[in-house]
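Here's the structure we're looking at; comments come further down.
The values are calculated or read from the model by the stated rules, or taken from the named source; none is laboratory data. All of these numbers come straight from a predicted model, not from anything done at the bench. With ideal geometry, Cβ positions are generated from the backbone for all residues, glycine too; neighbour counts draw on all protein chains shown. Heads up: the accessible areas ignore ligands, DNA and RNA and are worked out on the full protein's heavy atoms, side chains in. Shrake-Rupley method; radii C 1.70, N 1.55, O 1.52, S 1.80 Å.
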Amino acid sequence: LISVDVIKIENNKKKEYLLKYRRHGRKIRRIESEIEEIRSMKLYPSIDNDGMPHGADLNDLSNYAAELTDKEDKLYQEGVEQVKAYKEITYEINQLKDENERDVLFYYYIKGFTWWEIAKEMGYSERQIHRFHGNALKNLQIPKDVSECQ
């Protein structure tokens, strides 16, 4: 017999794996906000220690450009990682035999729907959606090399 603790550990690993796509989306939104903040700060003149506004000098512009380029590079890399995660996770979800299980995992982990929204979309009670989710986790196979999802 498999202990309840082993099942919980396995299910938590699977949930972490499935949440990888949404975590990348959250990181992308954060980086986009940081880029927006950097750009908006550049619209205003810099303030030196004397408290008086001064025009931007070449050093300010090169620091601005370097910081912006760094953030844009991070944004691109995060986008690449999100696409990889999407392809990998949707492949694993689509291996499930039951369509309801596939739908619940897709709507929850990829689309970010709430349990209520999934129930409404699929025409089932929330309780039934949770049953589908539990069965889907039980039946889902994740890559063996997934030890820790970041």
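Things to note:
- Sequentially through the range 135-142, phi angles give Karplus couplings (6.51, -1.76, 1.60; θ = phi - 60°) of 5, 4, 4, 5, 8, 5, 10, 10 Hz, Gly and Pro residues having no value and appearing as x.
- Accessible surface computed residue by residue for the range 70-150, with neighbouring protein chains in place and a 1.4 Å probe, gives 65 Å² per residue.
- Relative contact order for the range 71-139, counting Cα pairs under 8 Å that sit 6 or more residues apart, in percent: 27 percent
- Pairwise label distance in nanometres, ARG26 with ASN12, each label 7 Å out on the Cα-Cβ vector: 1.7 nm
- Among the listed pairs LYS42/LYS74; LYS74/LYS97; LYS27/LYS87, those beyond 27 Å (Cα-Cα): LYS74/LYS97
- Estimated translational D of the range 76-118 in µm²/s (Stokes, Kirkwood radius over Cα pairs; 10 °C; 1.306 mPa s): 143 µm²/s
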